[in-house]
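Chemist: Let me give you the structure first, and then I'll get to my questions.
The values are calculated or read from the model by the stated rules, or taken from the named source; none is laboratory data. Computed from a prediction, not measured in an experiment: that's the story for all the values here. As a convention, Cβ positions derive from the backbone with ideal geometry for all residues, glycine included, and neighbour counts pool all protein chains shown. Only protein heavy atoms, including side chains, enter the accessible area calculation; ligands, DNA and RNA are left aside. Shrake-Rupley method; radii C 1.70, N 1.55, O 1.52, S 1.80 Å.
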Amino acid sequence: MSTFYHSTRSRNESVTSKQAILEGIAADGGLFVRDDVALGAPALDDLLAGTFQDRARLVLGHLLDDFTADEIAGCVKAAYGPNFDSPAVTPVTPVGADWLLELWHGPTSAFKDVALQMLPQLMRVSRAGDGRRIMILTATSGDTGKAALEGFADVEGTGVSVFYPNGKVSDIQRLQMATQRGANVAVGAIEGNFDDAQSQVKRIFANRELAARLAERNVVLSSANSINVGRLVPQVTYYFDAYAQLVAAGTITKGDKLDFCVPTGNFGDVLAGYFAKLMGLPVRTLVVASNANDVLTEFIETGTYDRRRPFHKTISPSMDILVSSNLERLLFYLSDGDCELVAALMGQLADEGHYQVPSELLEKLHESFACGKADDAETRETIRAAWEDEHVLLDPHTAVAKHVLDGHARDGVERVCLSTANPYKFSADVLAALGHATEGLDGFACMDRLSELTGMEPPAQLSSLRNAEERFSDVVTVGGMTSFVEDACARLFA
Ligand SMILES: *Cc1c(COP(=O)(O)O)cnc(C)c1O
């Protein structure tokens, strides 16, 4: 028997997880959720036994229970193999008295690979026997776009269109996208910020006339953003995996609670930690770390979400977000599935730019979540100190989380900081944080300099970019995104 998913904003439409994965977002604009994440969850003993891949099979099998065991096994085999350069997939390493969960050993050197190497596999299985072609539409603040392009490149029956904010991603991130291989990919730089791009992508999904025109070509739009259930669910695995690694190392005993500190943007990564907790993982606190775009910190402290604030461009650009989409799912679970409340709050956010949650909901939030923030100066100082004191090189996103974690009481609990990008992906900012001049140096010169200084090799997929040919240079207005997508569909699905 399969467990159905429905919108966070109503229970009118029930879909299987396969349908939810293909549709991306619910018809009423809400996000797909299932009512009880814990019901029927595998025993903790089973989730802690075996390998990363074993855990992935159990987690996916539980949360996507309309997939057969064979289908899940095939997806896991295709997604988590030699494409990750660590046999552990997501190894845990020490940093001072705490732990780093390294999520960046995949093909694009950012944590999004853990989900985006899996999502195309889940979509491939979900659309089996269905002649429709899928155009993946993704707004990216830097890392998702490349991870989506890499995951979907040349996957049969699919195409990918990626939009990133022009001038607001690193040199290396831009090149990673501009040089993407594959016959089914399209990349556009947007005149605007990430939120502009994400809002417009949501509007394109809601555009019924466009959907009808694409249907004539047998094309449906879907999302690879972290609002997709198929993105969220694979991320649950590594929380169990981190715990299992610490048990195996004798650092903790089964049943001990852990804290996780998560550098947060769209709230997908940390929400997966909440799912792990609901499924029985002993987690004390999930610490949400923000940069100068501190809308979530304020929300967690006060219960007021207010997007009417300046947008800051920071050195941790994947967290430069004012509307954190997956928070809607947390509101659903914290309100015990009160779709009417969620719909009202989201309506108010869209119309007025802010909302306030009821005090009971805020109390429940505080049972599992804490928060903190780091500005760019604090982030740089954390990178410098981690290198000088520990010989650990942090990327700016991970450094935000490390700074926040350092400000929290340990109280005898082991703590895991999620490390979300390889530092070489942000070579210039990391080099500057170590106190070296970067003026006049391009991304590759910074990479070389950083490598000389630290004696650490940059990942091959980043250093080889210097010889790769740039294929995409289109700059698109926010208003022009719809026709960009329609043109891409015509061209790629000719
Ligand atoms: C996307 C990203 C984040 C934020 O993750 P969310 O799931 O959006 O909260 C943090 N760090 C890096 C490097 C990222 O790419």
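Chemist: Could you check how many residues of the stretch 402-428 are within 16 Å of the ligand (Cβ to nearest atom), at pLDDT 95 or above and within 19 Å of residue 290 (Cβ to Cβ)?
Modeler: Total satisfying the criteria: 10.
Chemist: Restricting attention to the stretch 117-140, report how many residues are open to solvent by 10 Å² or more (accessible area, probe 1.4 Å) and within 16 Å of the ligand (Cβ to nearest atom).
Modeler: Total satisfying the criteria: 1.
Chemist: In the set 452, 469, which member is outside any loop (DSSP other than H, G, I, E, B) and over 27 Å from the mean Cα position of the chain (by Cα)?
Modeler: The conditions single out 452.
Chemist: Given the criteria away from the ligand (no atom under 16 Å from the Cβ), closer than 24 Å to residue 192 by Cβ and among the acidic types (Asp, Glu), does residue 351 qualify?
Modeler: Spelling it out, residue 351 is indeed away from the ligand (no atom under 16 Å from the Cβ), closer than 24 Å to residue 192 by Cβ and among the acidic types (Asp, Glu).
Chemist: For the stretch 7-53, which residues satisfy the criterion of being assigned to a loop (DSSP other than H, G, I, E, B), farther than 23 Å from residue 281 by Cα and of a type in the set (Asp, Glu)?
Modeler: Matches in the stretch 7-53: 13, 28.
Chemist: Just need a number here: residues in the stretch 115-172 that are basic (Lys, Arg) and more than 20 Å from residue 23 (Cβ to Cβ).
Modeler: Count: 2.
Chemist: While we're looking at this one, here's another question. Return the residues of the stretch 333-382 that are among the aromatic types (Phe, Trp, Tyr) and in a strand (DSSP E or B); say none if nothing qualifies. Even if it seems obvious, please write down each step before you answer.
Modeler: So in the stretch 333-382, the residues among the aromatic types (Phe, Trp, Tyr) come out as 333, 355, 369.
Within the stretch 333-382, 355, 369 meet the criteria.
Chemist: Still on this model: How many residues are under 20 Å from residue 94 (Cβ atoms) and either within 12 Å of the ligand (Cβ to nearest atom) or surrounded by fewer than 19 Cβ atoms within 10 Å (Cβ to Cβ) (or both) if we restrict to the stretch 278-298?
Modeler: 2
Chemist: Among the polar types (S, T, N, Q), surrounded by fewer than 17 Cβ atoms within 10 Å (Cβ to Cβ) and either at pLDDT below 95 or away from the ligand (no atom under 16 Å from the Cβ) (or both) - does that describe any residue in the stretch 320-336?
Modeler: no
Chemist: Ok, one more. Determine whether residue 275 is within 13 Å of the ligand (Cβ to nearest atom) and under 21 Å from residue 118 (Cβ atoms).
Modeler: Yes, satisfied.
Chemist: Now for a different question. Closer than 26 Å to residue 378 by Cα, in contact (Cβ under 8 Å) with a residue 40 or more places away in the chain and in a loop (DSSP other than H, G, I, E, B): is that true of residue 318 in this structure?
Modeler: no
Chemist: Out of (1) open to solvent by 10 Å² or more (accessible area, probe 1.4 Å); (2) within 30 Å of residue 258 (Cα to Cα); (3) within 16 Å of the ligand (Cβ to nearest atom), what's the single condition that is false for residue 88?
Modeler: (3)
Chemist: Take residue 225 and tell me if it is modelled with pLDDT of 90 or more, under 30 Å from residue 417 (Cβ atoms) and within 16 Å of the ligand (Cβ to nearest atom).
Modeler: For residue 225, the condition - modelled with pLDDT of 90 or more, under 30 Å from residue 417 (Cβ atoms) and within 16 Å of the ligand (Cβ to nearest atom) - is not met.
Chemist: Now for a separate question. Just to be sure, is residue 266 within 16 Å of the ligand (Cβ to nearest atom), crowded, with 22+ Cβ neighbours inside 10 Å and free of Cβ contacts under 8 Å to residues at least 40 places away in the same chain? Don't jump to the end; show me each part of the working.
Modeler: Values: within 16 Å of the ligand (Cβ to nearest atom): yes; crowded, with 22+ Cβ neighbours inside 10 Å: yes; free of Cβ contacts under 8 Å to residues at least 40 places away in the same chain: no.
No: the conditions fail for residue 266.
Chemist: Where in the stretch 161-274 are the strands (runs of 3 or more DSSP E), entirely inside, with at least 1 residues that are among the charged types (D, E, K, R)?
Modeler: Of the strands (runs of 3 or more DSSP E) lying wholly inside the stretch 161-274, those with at least 1 residues that are among the charged types (D, E, K, R) span 258-263.
Chemist: A follow-up question, please. Among the listed residues 396, 358, 310, 317, which satisfies the condition of being open to solvent by less than 60 Å² (accessible area, probe 1.4 Å) and more than 16 Å from the ligand (Cβ to nearest atom)?
Modeler: Testing whether each residue is open to solvent by less than 60 Å² (accessible area, probe 1.4 Å) and more than 16 Å from the ligand (Cβ to nearest atom) leaves just 358.
Chemist: Being under 11 Å from the mean Cα position of the chain (by Cα), in a loop (DSSP other than H, G, I, E, B) and not β-branched (Val, Ile, Thr) is the filter here, so list the residues in the stretch 110-141 that pass it.
Modeler: Hits for the stretch 110-141 are 111, 141.
Chemist: For residue 260, are the conditions met, namely being within 16 Å of the ligand (Cβ to nearest atom), crowded, with 24+ Cβ neighbours inside 10 Å and not β-branched (Val, Ile, Thr)?
Modeler: Yes: the conditions hold for residue 260.
Chemist: Given the conditions (1) open to solvent by less than 10 Å² (accessible area, probe 1.4 Å); (2) under 19 Å from the mean Cα position of the chain (by Cα), and given that residue 98 satisfies all but one, which numbered condition is not satisfied?
Modeler: (2)
Chemist: Out of 246, 232, I need the residue that is open to solvent by less than 50 Å² (accessible area, probe 1.4 Å), out of contact with any helix residue (DSSP H, G or I) (no Cβ under 9 Å at 6 or more places or on another chain) and over 14 Å from residue 137 (Cα atoms). Which one?
Modeler: Exactly one of 246, 232 is open to solvent by less than 50 Å² (accessible area, probe 1.4 Å), out of contact with any helix residue (DSSP H, G or I) (no Cβ under 9 Å at 6 or more places or on another chain) and over 14 Å from residue 137 (Cα atoms), namely 246.
Chemist: List pairs: first residue in the stretch 66-85 and without any contact (Cβ under 8 Å) to a residue 40 or more places away in the chain and farther than 23 Å from residue 40 by Cβ, second residue surrounded by 13 or more Cβ atoms within 10 Å (Cβ to Cβ) and among the small types (Gly, Ala, Ser) anywhere in the structure, Cβ distance under 8 angstrom, at least six positions apart or on different chains.
Modeler: 80/56; 83/106; 84/106
Chemist: Follow-up. Go over the candidates 385, 401, 432 one by one and state the one that is open to solvent by 30 Å² or more (accessible area, probe 1.4 Å), closer than 27 Å to residue 106 by Cα and part of a helix (DSSP H, G or I).
Modeler: On inspection, the qualifying residue turns out to be 432.
Chemist: Determine, yes or no, whether residue 464 is over 30 Å from residue 273 (Cα atoms), of a type in the set (Ser, Thr, Tyr) and open to solvent by 50 Å² or more (accessible area, probe 1.4 Å).
Modeler: Spelling it out, residue 464 is indeed over 30 Å from residue 273 (Cα atoms), of a type in the set (Ser, Thr, Tyr) and open to solvent by 50 Å² or more (accessible area, probe 1.4 Å).
Chemist: Collect the residues in the stretch 421-432 that are in contact (Cβ under 8 Å) with a residue 60 or more places away in the chain and either within 25 Å of residue 91 (Cβ to Cβ) or in contact with a Pro (Cβ under 9 Å, 6 or more places away or on another chain) (or both), keeping them in residue-number order.
Modeler: 421, 422, 424, 425, 426, 427, 429
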